1. Within region 39-62, restricting attention to residues that are in contact with a strand residue (DSSP E or B) (Cβ under 8 Å, 6 or more places away or on another chain) and without any contact (Cβ under 8 Å) to a residue 12 or more places away in the chain, which residue is surrounded by the most Cβ atoms within 10 Å (Cβ to Cβ)?
2. Right, residue 90: surrounded by 12 or more Cβ atoms within 10 Å (Cβ to Cβ) and without any contact (Cβ under 8 Å) to a residue 40 or more places away in the chain or not?
3. Give region 42-75 a look and list any residue that's under 15 Å from residue 2 (Cα atoms) and over 10 Å from the mean Cα position of the chain (by Cα), or say none.
4. If residue 36 passes every condition in (1) surrounded by 12 or more Cβ atoms within 10 Å (Cβ to Cβ); (2) within 29 Å of residue 90 (Cα to Cα) but one, which one does it miss?
5. For region 13-24, does any single residue satisfy the condition of being under 13 Å from the mean Cα position of the chain (by Cα), surrounded by 15 or more Cβ atoms within 10 Å (Cβ to Cβ) and in contact (Cβ under 8 Å) with a residue 12 or more places away in the chain?
């Protein structure tokens, strides 16, 4: 199953100097690991606010949440997940 996870950076709680290049590099490395394993299908930066939209492949919502929670920014409480939702195929592409 596929899940859409929206993340939001907690900029109000963590000043700019805490978003270090080393921390961002660790986040990027974890994203690459999940992509290589097939659990993260794609990721986009949000334009409406600091954060990301992530498409996970997972067996359950709990697994999708666990994957998102494994991100270094999540482990430090620097991001939150305002939305985790299961996706289903669009029926308009199926037979009529």
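Just so it is clear, none of the values below were taken in a lab; they were calculated from the coordinates. Predicted model, so just to flag it, every value in this text is computed and none were measured. Neighbour counts run over all protein chains shown; Cβ positions are idealised from the backbone, glycine included.
1. Filtering region 39-62 down to residues in contact with a strand residue (DSSP E or B) (Cβ under 8 Å, 6 or more places away or on another chain) leaves 39-46, 49-58, 61.
After this cut, where a residue has to be without any contact (Cβ under 8 Å) to a residue 12 or more places away in the chain as well, the list is 44-45.
Details: 44: 10, 45: 8.
Per the criteria, the residue is 44.
2. On the way: surrounded by 12 or more Cβ atoms within 10 Å (Cβ to Cβ): no; without any contact (Cβ under 8 Å) to a residue 40 or more places away in the chain: yes.
For residue 90, the condition - surrounded by 12 or more Cβ atoms within 10 Å (Cβ to Cβ) and without any contact (Cβ under 8 Å) to a residue 40 or more places away in the chain - is not met.
3. The initial filter retains those residues of region 42-75 that are under 15 Å from residue 2 (Cα atoms), namely 42-43, 53-68.
If the condition is that a residue be under 15 Å from residue 2 (Cα atoms) and over 10 Å from the mean Cα position of the chain (by Cα), then 57, 58, 59, 60, 61, 62, 63, 66 are the ones that fit.
4. (1)
5. From region 13-24, those under 13 Å from the mean Cα position of the chain (by Cα) are none; that's our starting set.
No, the conditions are met nowhere in region 13-24.
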